[in-house]
1. Going by what's in this entry, would residue 248 be described as modelled with pLDDT of 95 or more and open to solvent by less than 20 Å² (accessible area, probe 1.4 Å)?
2. Return the residues of the stretch 421-451 that are within 31 Å of the chain's Cα centre (by Cα) and either of a type outside the set (Val, Ile, Thr) or modelled with pLDDT under 95 (or both); say none if nothing qualifies.
3. From 96, 90, 57, which residue is in a helix (DSSP H, G or I), open to solvent by less than 20 Å² (accessible area, probe 1.4 Å), hydroxyl-bearing (Ser, Thr, Tyr) and closer than 27 Å to residue 464 by Cβ?
4. Give 167, 195, 189 a once-over and let me know the one that is open to solvent by less than 50 Å² (accessible area, probe 1.4 Å) and modelled with pLDDT of 95 or more.
5. Give the number of residues within the stretch 252-267 that are open to solvent by less than 50 Å² (accessible area, probe 1.4 Å) and either within 45 Å of the chain's Cα centre (by Cα) or at pLDDT 95 or above (or both).
6. Under 20 Å from residue 399 (Cα atoms) and under 14 Å from the mean Cα position of the chain (by Cα): does that describe residue 23?
7. Given 172, 196, 184, 180, which one is part of a helix (DSSP H, G or I) and either touching a residue at least 60 places away in the same chain (Cβ under 8 Å) or closer than 20 Å to residue 474 by Cβ (or both)?
8. Filter the stretch 449-482 down to the residues that are open to solvent by less than 10 Å² (accessible area, probe 1.4 Å) and among the hydrophobic types (A, V, I, L, M, F, W, C), then identify the one that is nearest to residue 101 (Cα to Cα).
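The values are calculated or read from the model by the stated rules, or taken from the named source; none is laboratory data. Note that this is a predicted model, so its numbers are computed, not measured. FYI the Cβ positions are ideal-geometry reconstructions off the backbone, even for glycines, and counts take in every protein chain you see. Keep in mind that these areas ignore ligands, DNA and RNA; they rest on the heavy atoms of the full protein, side chains included. Shrake-Rupley method; radii C 1.70, N 1.55, O 1.52, S 1.80 Å.
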Amino acid sequence: MKKRLLLISSGSILLAISFAPFSLAIPAWIGFTLIFFGISGSRRPFVLGYIAGAIFYILLLYWIALSNVGDARGWLIFGFILLIAYVSLYYAVSLYLFFKMEERGWWVFLWPFVFTGLEFLRSLSSSFGFPWGSIAYSQSRLYFMFQFADIGGIPLVTLWVLYFNLFLYLFIKRRKRQYIYVLIVLPLFALVYSFIDLRIPLKEKGSLNVCIVQPNVAPEIKRSGGVERRLRLIEDMLLQSPGSDLYILPESASPCLLLSSSWCRERFIKLSDTLNAGLVVGTQELKYHSGRRKPHNSAVFLFNGNIRGVYRKIYLVSFAERLPFNDVIPALNNINFGQGDFIPGKEYRVFNIKGLGFSTPICYEEIFPRVVRRYVRNGANFIVNITEDSWFGRTSGPFQHFEMSIFRAIEYKRPVIRCANSGVSGFIDPHGRIRKMTHIFTREIVPVQVHGIETRTIYARIGDVFGWISLFFAVFSFYYFLKRDYYKHRTAIVERYAEVGKGTKIWHFSHIMGKVGENCVIGQNCFVGREAVIGNGVKLENGVNVFSKVTIEEDVFVGPEATFTNDINPRAPFPKGGRWIPTLVKRGATIGANATILPGVTIGKWSMVGAGSVVTGDVPDFAIVRGNPARHTGWICICGTKLEFENKKAVCSACGREYRIKDGRVEALS
C-alpha cells in the first residue's frame, strides 16, 4: 500500500507542476503513468483514485483557501474543503473505471475517453461547472505542439495527453514494440500539424490600437470606498496614454454605479469623449427583478461620448456571486455565506468599433470554451477578458487564470486581450503566443495592436463534438462496468475488486473476493478467496470454502461444507504471505458434501468425489473416488451414470455415450 501511495502521490505532483506558475507541461505526459501503476491490481482503486485527485487539486487550488475575502474566510475554507471533495470524485470514478477496464483487456484503450468525458461534464453547468484543472491546460505554453485544439478544443488535447500516458504505461508493463510506435507518432502528429497550422495565413479584418489599463486597486480600498480617489486614478492613467482606439478597464473598475448614477455616467462619458476612443469599463448595475433591486456584474462599452452597449455576466461564480438555483428555490435566499446576490445576464453581446466586433467575457467566463464560441459565432473578431484577480493574492491563481486564455486564442484563432485589476494582464495572438504580459500587483498601461480575425476554425464550426463523444463513452462505461447484472442477497458481501458474471446468484452471508463466472449459484455462508477463480455454471452449495489459488472450471458441482485448502502445513506464527499452492478442478466434476481437497491436486473433468472424502492426489477424468484418503473405485459418465467396461470399452446405459480405456485413462468417444 505504501508503494501505491508513493506512486499516486508522485503522479499527482507531476500533474500539478505542469500547470502555472511552473508551467512545465512535460511532467503531465508521465504523471498518469505513475498513477496507473498505483491503481493497477489494487484492492481499493476508488479510494486511491480519490487520493490522487485530492492531492492534485490541493496543490493546484491551494490559493483559494488563501484568498482575500475579508470576514468570510471561515466560509471560504469550508467551501474549499467541499470543492476538493467534489472535484476529487471525478478522479475516483474515472480511475476506478480504469481498474475495471484494464481487467477486461482491450477496454483499457477507451479509458482516455472516460476521463475526458467526465472532465467535459465539469464544464457544462453554469452553476456547478468548474473546468479549472482540465489536463489540457497543463500544455498551454506548448503552442507549437497543440494548434490542433482548433479542431477539438480542450477535450482533444486532454485525449492526447492521456493516450501518451496510457501507451507509456502499457509499454513499460507489457514491453510491446507497437506501443513505442504510438509514443513516437503522437508527438510527431502534434508537431507537424502545428508547424503547418502556424504557417497558414489567417483572414484579417482591420486593426486597432488598444490600451490595456491595469490600475492595481487593492481589495481593501475597494471595500472602504474611496470613490473620487479611484476615479481620478482611472482618469490620470487613461489621459496620460492618448492615441489609442480602445481603452480597456478591468472588472468592477468603476467605483460608482455607472449605469444608475447620472454623475458617474457623465464622468465616464466625458472621459470617452476626451479620449475620442472606445472605452470598456467593468461596473455593477442595479436592476429591478421580482420587485427587488439586484446587481448585475456588467461591462459597459462607451464610444465617442456615448454608451454603445452593456454586457451582463452570464456565468456567475457559484457561492461567491450567487447561490446556485436561488432563483428556483427562493428559500436559498435566506442563507448567507457572505456571497453576493447577483443575477445572470442572458445575451451574448458583441460590441462593434471601427468595423471590428469584440466581446467581453467577465472573470472566469473565459475558462468555458462554449461561452467564447457563442461570441465568435455572433461575430467577435477578437476577445476582451476583463477580470478582478487581486483577491487571489500573490499565489499561482492569477497565472493559472491567465494561461487558460491561451487555449481560447488557439481554439478560435482570435486575439485575446486580458485586463486584470492587479494582473496578470496581457495580449495573446491568435496562435496562443503571449505577446505582452504584466506582473501581478503592479500599476501598468500596456499598448498593443490588435488585428481582427474572420477565419472560422473547425472547432468554432463543430463545437464540442469530441467532448460529447467522450461523455457518451464515460456514461456507457459507467453503466456497463458498474451495473450489477447478478443477484446478491443483502447480507452477502461482494468486494469492490471482485468480479461476478451475469446471471449469477449469491445467497445469504456469502463473501466473494475473487472471480465468479456467469450463471453460477453461490449458496449461503460460502467464501471465495481473493485469487480464486470460479468458472461459468458452477454451483456451490451452502458452506463451501474456496480459498486463493483454487481454480474451478465451468459446470462443476460442489456439495455442502466442502473445503478447498491452499496450504499443506499451516502454522499461525509462520504465515505464508500469499505463497499458496494452486489447485485445479476441471470441467463438470462433482465434489460431494463435506469433502476436503488438499492443495496441489488436479480433479479431472466429469469425475466424482464421494461425500466426506479427503482428496490427497490427482483424480483422473471420469473417475469415481471416495474415502479417507480418497481411492479410485470406478468410472462415471458425463450424465452421472456409473460405467461398466468390457474389453476396455463402455456404453452408458442411460445416455448411450461411448467410452474407452487407453493407457489407464478413460476417453469419451461420443
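1. yes
2. Residues satisfying the conditions are 423, 425, 426, 427, 429, 430, 431, 432, 433, 437.
3. Details: 96 fails: open to solvent by less than 20 Å² (accessible area, probe 1.4 Å); 90 fails: open to solvent by less than 20 Å² (accessible area, probe 1.4 Å).
Matching residue, one of 96, 90, 57: 57.
4. 167
5. Going residue by residue through the stretch 252-267, those that are open to solvent by less than 50 Å² (accessible area, probe 1.4 Å) are 252-256, 258-259, 261, 264.
Restricting the remaining residues to those that are either within 45 Å of the chain's Cα centre (by Cα) or at pLDDT 95 or above (or both) gives 252-256, 258-259.
Looking only at that region, the number is 7.
6. Numbers: under 20 Å from residue 399 (Cα atoms): yes; under 14 Å from the mean Cα position of the chain (by Cα): no.
No, not satisfied.
7. Only one candidate qualifies: 172.
8. Selected residue: 474.
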